[in-house]
Structure formats: structure tokens, C-alpha cells
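Notes follow once the structure below has been shown.
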């Protein structure tokens with residue numbers, strides 16, 4: 001459930017609950033001066049929280065939804081943060097993306113509420129944008145080895161598929177296949193509250209193979 005402030009800032013209770021656990025995984029991975037791109041920034045609450053905690057980094061939010069971009073801009077204005085750029089209209093399916101460079105890409109709660117081609121497009125775009133050593137972090141629920149990690153995730157998956165048959169909780173091993181095809185090697189899946197994961201992929205150096213999900 002999303003509420004709205006008078007200045008067009010939207011508030012999602014889930015964002016307030018999960019922002020600190022996500023920050024604990026994301027922020028230590030960012031070098032000083034890192035340029036971070038967030039795909040599907042939603043309300044904008046995540047990006048301003050992370051940017052406030054790491055003022056030495058720069059953040060580029062994005063969302064294809066105009067209402068979300070309005071909320072992101074309102075949160076940026078409300079916080080007065082100088083290291084958050086105006087939000088971009090970025091649809092992962094439309095190449096090239098309207099951003100020239102990024103050292104780190106964050107995408108939270110997207111791939112299970114979008115058709116599978118969006119996941120493939122996200123991985124293609126990240127593979128194009130990131131240089132060797134750059135990382136992509138996907139936050140949300142995942143199957144492991146084709147199985148749900150909790151009964152609540154199985155119920156959530158069923159509800160998603162009832163709403164749209166093309167949605168659903170993705171298998172991490174299945175995500176790793178197109179990731180590898182785009183030069184993104186699986187690094188780790190960090191367990192998170194509420195049966196979620198932070199799945200980290202790193203852009204490999206050309207010709208250098210790294211272990212897969214099951215390694």
C-alpha cells in the first residue's frame with residue numbers, strides 16, 4: 001500500500017522496512033566516488049536513503065512511470081541531497097539506455113512483477129553499461145534450484161501468476177544463464193529478511209570465467 005504526501009512524495013511501508021538491510025549489503029560494495037544507477041526506483045525512498053548514507057557516491061534513479069519519477073524528484077527535493085540526479089525515464093527493454101556510465105546497478109523488486117523478457121533486457125543492458133568489476137545487485141524473492149525457499153514465497157508466486165501469467169518468482173539459476181551470456185558472473189546470494197535475497201553479479205574481465213550459481 002502506497003501513501004502520498006502533499007508534495008507528491010509517495011511512501012511505501014515495505015521500502016521503510018527493507019531499506020536498511022539492503023543498505024547493509026549495497027553500501028560496502030561501493031568504492032569512494034562510485035556512480036550508482038538504480039533501475040525501477042519506485043517511490044524514490046531507497047535512493048535518497050542510500051545517497052544520504054554515502055554522500056561520497058553519486059546516484060542516478062530511474063523509472064518508466066511518470067508518477068514514480070515525480071515522487072523520486074519530490075523526495076530528492078525534500079531531502080536536499082546534491083548527490084541524487086534527476087530521475088530518468090528508463091525502460092530496460094528500450095536500448096540504448098539513457099545513461100552513459102555506472103559502476104554499480106541496483107534493481108529491487110522488479111523481475112518478479114515483469115515478464116521474463118524484461119529480466120533478459122535488464123541483464124543485456126547491465127552487461128553493456130558496466131565495465132569489468134562493476135556489479136549488478138538484484139533484490140527480491142528467488143527460487144533456488146527450482147524450489148521456493150519458503151511457503152510464503154510459493155503463495156506469493158501463485159498470487160503473482162494469477163494476476164499475470166508472465167509474472168512470477170524467478171529461479172536464480174535461470175537468471176544466471178542470460179547474466180553469464182552478457183558477461184555477468186554470479187558472485188553471491190545474500191539472505192535477507194522476509195525470505196528475500198540480494199543476488200550479486202559482477203562484470204567479468206573479457207575471457208575470464210567465474211564460478212556459476214551452483215559452484
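The values are calculated or read from the model by the stated rules, or taken from the named source; none is laboratory data. Source: prediction; values computed, not measured. Note: ideal-geometry Cβ built from the backbone for every residue, glycine included; neighbour counts use all protein chains shown.
Looking at 180, 155, which one is assigned to a helix (DSSP H, G or I), closer than 23 Å to residue 203 by Cα and out of contact with any helix residue (DSSP H, G or I) (no Cβ under 6 Å at 6 or more places or on another chain)?
180
If you take the residues of region 38-49 that are in contact with a strand residue (DSSP E or B) (Cβ under 9 Å, 6 or more places away or on another chain) and free of Cβ contacts under 8 Å to residues at least 40 places away in the same chain, which of them is surrounded by the fewest Cβ atoms within 10 Å (Cβ to Cβ)?
Out of the qualifying residues, it is 45.
Tally time: how many residues in region 92-111 are surrounded by fewer than 18 Cβ atoms within 10 Å (Cβ to Cβ) and free of Cβ contacts under 8 Å to residues at least 60 places away in the same chain?
Residues flagged as surrounded by fewer than 18 Cβ atoms within 10 Å (Cβ to Cβ) and free of Cβ contacts under 8 Å to residues at least 60 places away in the same chain within region 92-111 amount to 6.
Return yes or no: is residue 176 closer than 25 Å to residue 31 by Cβ, in contact with a strand residue (DSSP E or B) (Cβ under 8 Å, 6 or more places away or on another chain), at pLDDT 95 or above and loosely packed, with under 13 Cβ neighbours inside 10 Å?
When the stated conditions are applied, residue 176 does not pass them.
Taking region 3-37, which residues are within 16 Å of residue 75 (Cβ to Cβ), under 19 Å from the mean Cα position of the chain (by Cα) and loosely packed, with under 14 Cβ neighbours inside 10 Å?
Answer for region 3-37, where residues must be within 16 Å of residue 75 (Cβ to Cβ), under 19 Å from the mean Cα position of the chain (by Cα) and loosely packed, with under 14 Cβ neighbours inside 10 Å: 13, 16.
Exactly one of these conditions fails for residue 146: (1) in contact with a strand residue (DSSP E or B) (Cβ under 8 Å, 6 or more places away or on another chain); (2) touching a residue at least 24 places away in the same chain (Cβ under 8 Å); (3) closer than 26 Å to residue 23 by Cα. Give me its number.
Just one mismatch for residue 146, condition (3).
So which strands (runs of 3 or more DSSP E) are wholly in region 1-117 and hold at least 3 residues that are touching a helix residue (DSSP H, G or I) at 6+ places or on another chain (Cβ under 7 Å)?
Answer list for region 1-117: 104-108.
Out of curiosity, is residue 61 surrounded by fewer than 16 Cβ atoms within 10 Å (Cβ to Cβ) and at pLDDT 95 or above?
No: the conditions fail for residue 61.
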